[in-house]
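Student: Quick one: the structure is below, questions incoming.
The values are calculated or read from the model by the stated rules, or taken from the named source; none is laboratory data. Bear in mind that the values here come from a model prediction, so they are computed numbers and not experimental data. As a convention, Cβ positions derive from the backbone with ideal geometry for all residues, glycine included, and neighbour counts pool all protein chains shown. With ligands, DNA and RNA removed, areas are computed over all heavy atoms of the protein, side chains included. Shrake-Rupley method; radii C 1.70, N 1.55, O 1.52, S 1.80 Å.
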Amino acid sequence: MKIRTLSQILGEENESIFGFDGVIIEKDFLSKGQTWVISGATGIGKSVLAMQLALGLAFGEKTLGLDVFKPAKTLLLHNENPILDERDYFRGILSHFALDKKPNFDGLNENLRFICKAGCYYSVDEFISKLETALSAGKYDVAIVDSLSSFVHCNFSDHAAVADLFCKINGLKSKHIFAMVLIHHFDKPMFWSKRLHPAKWCMGGKAIGVYANTMSALVGTKEESVYSFRHYRPFEDSEISQTLIAQCQNGNTAWEEVENA
């Protein structure tokens, strides 16, 4: 951390006082040191969305309606599907968007790492330990966990338990300087409330909103197979933006932005 006097700030014409090196998604949507929680109902396609987001971040290209600032070294941890299913999903995304035809395709081998631990279920401390081991193996800009509740045994209705989990995640972010993206599940429909933004419909949403920098939700619309990907800044209590996305017609193995959304 650099401490400056007013004279030093006024004299630094060639140095921005803002740190752009840590920006992952533009307009301060996601930067290193921040936590982004993405939630949705079971079976809606969050795992495919997580893979697609990981590819977009690794490429440094706009994805799911979001402008990626530059290529980011990304670690994707999956615990929802067997490795063979993950392979098919990745192939579907690569094929649909012709990513394997791009001249910078080889950069994915440098910028994307993948861990599949289907069926593994950890305590908070075990999860933090496993995540730190993975982070220590490489200097990552972003870590995506899909899904939080399938990896971590935590009572998300207990504010103290959620606080413990997120304080430990914050400790990892401070140590390894990366952005955390957590894929999460909606709570049971009986707990959804029109008084809450859908992003807080996730399990432990009220408590998680205290610790997340950005919360997003994938919710249905009146149009079949079209979903609203809505983004929310918890502390400002307001929606940042939303994008309409639809499941592709190639077996629902990718998402694409709806035209004229």
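Student: Computed over the Cα atoms of the chain, what is the convex hull's projected area averaged over all directions, in nm²?
Tutor: On the way: hull surface 63.9 nm².
Quarter of the Cα hull surface area: 16.0 nm².
Student: I'd like the trypsin sites (Lys or Arg not before Pro) in region 156-261 restricted to DSSP loop residues with at most 11 other Cβ atoms within 10 Å, sorted by number.
Tutor: Working: sites: LYS168, LYS173, LYS175, LYS194, ARG195, LYS200, LYS206, LYS222, ARG230; in loops: LYS194, ARG195, LYS222.
In loop regions of region 156-261 (DSSP not H, G, I, E or B), the sparsely surrounded trypsin sites (Lys or Arg not before Pro) are LYS194, ARG195, LYS222.
Student: Could you please state how large a percent of the accessible area of the chain is carbon and sulfur, counting protein chains only and using a 1.4 Å probe? Show your work: numbers first, answer last.
Tutor: Details: 6910 of 13490 Å².
Carbon with sulfur: 51 percent of the solvent-accessible area.
Student: Related question: Where in the chain are the DSSP H helices whose C-alpha atoms run 24 Å or more along the long axis and whose mean Kyte hydropathy is at least 1.6?
Tutor: Values: long enough: 159-176 (25 Å, 0.04).
Helix filter hits for the chain: none.
Student: Which of the pairs LYS117/LYS139; LYS62/LYS173; LYS27/LYS62; LYS32/LYS168 have their Cα atoms more than 19 Å apart in this structure? Present the calculation step by step, with values, prior to reporting the outcome.
Tutor: Working: LYS117/LYS139 21 Å; LYS62/LYS173 24 Å; LYS27/LYS62 13 Å; LYS32/LYS168 16 Å.
From the list (LYS117/LYS139; LYS62/LYS173; LYS27/LYS62; LYS32/LYS168), the Cα-Cα distance tops 19 Å for LYS117/LYS139; LYS62/LYS173.
Student: Now for a different question. Taking only protein heavy atoms into account and a 1.4 Å probe, give the accessible area per residue of region 186-261 in Å².
Tutor: Working: 4390 Å² over 76 residues.
Per-residue accessible area for region 186-261 comes out at 58 Å².
Student: Could you compute how fast region 197-254 diffuses translationally, taking Rh as the Kirkwood radius over C-alpha pairs and applying Stokes-Einstein at 20 °C with viscosity 1.002 mPa s? Give it in µm² per second. Numbers along the way, then the final one.
Tutor: On the way: Rh = 12.3 Å.
Result for D is 174 µm²/s.
Student: Taking a probe of 1.4 Å, how large is the accessible area per residue of region 27-133, in Å²? Present the calculation step by step, with values, prior to reporting the outcome.
Tutor: Details: 4940 Å² over 107 residues.
That works out to 46 Å² for each residue.
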